[in-house]
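The values are calculated or read from the model by the stated rules, or taken from the named source; none is laboratory data. This is a predicted model, so every value here is computed, not measured. Here the Cβ positions follow ideal geometry from the backbone for every residue, glycine too, while neighbour counts run over all protein chains shown. Ligands, DNA and RNA are excluded from the accessible area calculation, which covers all protein heavy atoms including side chains. Shrake-Rupley method; radii C 1.70, N 1.55, O 1.52, S 1.80 Å.
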Amino acid sequence: MTGWRRTFTPRHRRTSMALALSMAVAGASLVLTGCGVLPGTSDGSREPLTVMTFAPEETKATNMPGMPAMAQAYAKYVNARGGIDGHELRVLTCNERNTAAGAATCARRAAQEGAVAVVGSYSQNGRAFMGPLEAAGIPYIGGFGISDEEFTSYLSYPVNGGVAALLAGNGRQLAASCRKVSLVRPDTILGDGLPALLNAGLSQGKQQPSSDIKAAEDSSEYERQAEEALDGAGGERGCVTAVLGARTETFFDSFRRVRDESGEGRAGEEGDGDGSGVRISSVLSSVDQPLIDRTGGANGPFEGALMTGWYPDSGDERWGTMRDVIREHAFGDDRIDAADAGVQTTWIAYTVLRKVIESLARPEITPGAIAHALDTGVTTDTGGLTPDLRWRFEDMLGVQGLPRVVNRSVTFQVVREGRLIAQKPGFVDVTSTMRNAPTV
């Protein structure tokens, strides 16, 4: 006590009485409505969560508009149910433009606008975006699996095994059906590592190495490469697999013309016809259901093709919740196709984010808290769309170039009557194949 006393005037008394009455009414309101108060902001709500999803849109190369669109639909879905553990989810989207400058701009914007994570994004420019994210301490959850940095950065948490897992799996898949295989791949540093992965899978199936055919990523026709691929496949029970990203469609258009002119014909599926001709194949980062639909479905060039994917086929019931969310919260948005691998990856990445936030159970979420939770063993059940995901050190593949891969499973699919369906049920673990590939 200081002995200091304040003298109250009638005006002070009226003000004090009004304040007391106001507090009493507010307290009664809380009792009558049964509302609890969450710690966090002054109004009793938890801090909003800001995240970013970036992808290239409206470019002349690969475009992934469905990924940011899926992120926005997911935000509407969780916010309609009270957010994630009481946190409103705010999604920033950014056009990465398929350029290093665009990727870096998106990453810097994520840092400037207080994003706690970048989730379910696509970029081939890993070096450009991971540097700014690492500088800001922002985790990168569930990128598409297309850049090296996604599998090497200490702040990256991939949900699939990237193109490496697909090629290793594709070799395993083709070994069971093909006597000889031609691989058409990009003439790039990234492409240089693909033959070893495919051949590791072929070797496990007791098949000889593939013919390695290099191609430019930006060519408008591939007639020469198609002729080489056809020769390398060797006719009966031969297979041609192409992994050229957005240009895979262009290659197979050239290949169809060359094959028709040669009289080789198209190989039938197992059990259909005599199996003569050359069969085609690819992976789900280069060919997907929207492309198959666009090129004629059952009457198009991909009928009978063998495909290796990261996840179950798009008709699988495990995608039911995602399809419901798209229907309810993105109705009429033609950017989103539930069969698109980018949309599927974004859904899984946001599933991981939700699990992490719920495990933290905090009024305020920081990038560091998310990264720490992932590093120390938060496990995500994705409803069977992947094996359970966890990013402890002991869960990682740990091989050179791919140390942070935790999901080494793929699926074998086939195009029948214009639809991608499971060729073999369940997941195929390609851990040993990836570890045995000499240049991985």
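Annotations
- Solvent-accessible area, 1.4 Å probe, carbon plus sulfur percent, for the chain: 49 percent
- Estimated at 0.36 nm per residue, the fully extended path between THR152 and THR188 surpasses their Cα-Cα distance by 11.0 nm.
- Estimated from helices alone, the mean residue ellipticity of the chain at 222 nm is -12000 deg cm²/dmol (sum of -39500 (n - 2.57) over DSSP H runs with n ≥ 4, per residue).
- The value of relative contact order for the range 356-440, using C-alpha pairs under 8 Å at least six residues apart, is 17 percent.
- According to the Cα-based calculation, Rg over Rh for the chain is 1.12, with Rh computed by the Kirkwood formula.
- For the residues ALA422, ALA115, ALA80, a GNM of the chain with alpha-carbon springs under 10 Å puts the largest fluctuation on ALA80.
- Residue order by solvent-accessible surface for ASP316, ASP231, ASP334, ASP388 is ASP334, ASP231, ASP388, ASP316, largest first, with ligands and nucleic acids left out and a 1.4 Å probe.
- Ligands, DNA and RNA are left out, and with a 1.4 angstrom probe the accessible area of the range 78-147 is 35 Å² per residue.
- Modelled this way, with points 7 Å down the Cα-to-C-beta line, the labels at ASP395 and ALA422 are 2.3 nm from one another.
- Cut-off of 10 Å, at most 13 other beta carbons, DSSP loop: longest stretch of the chain lacking such chymotrypsin sites (Phe, Trp or Tyr not before Pro): 155-330
- Rounded if a/c under 1.5, otherwise prolate or oblate - the range 130-236, Cα gyration tensor axes: oblate
- Residue-by-residue Karplus 3J(HN,Hα) for the range 411-423, coefficients 6.51, -1.76, 1.60, Hz, glycine and proline x: 10, 9, 10, 8, 8, 10, 6, x, 10, 6, 10, 5, 7
- Under 22 Å, Cα to Cα: Lys pairs in the chain, sequence gap 8 or more or different chains: 6
- Within the range 356-440: Cβ-based charge dipole about Cα centre, in debye rounded to nearest 20 (Lys, Arg +1; Asp, Glu -1): 360 debye
- Once C-alpha pairs closer than 8 Å and six or more residues apart are averaged by separation and normalised to the residue number of the chain, the relative contact order reads 17 percent.
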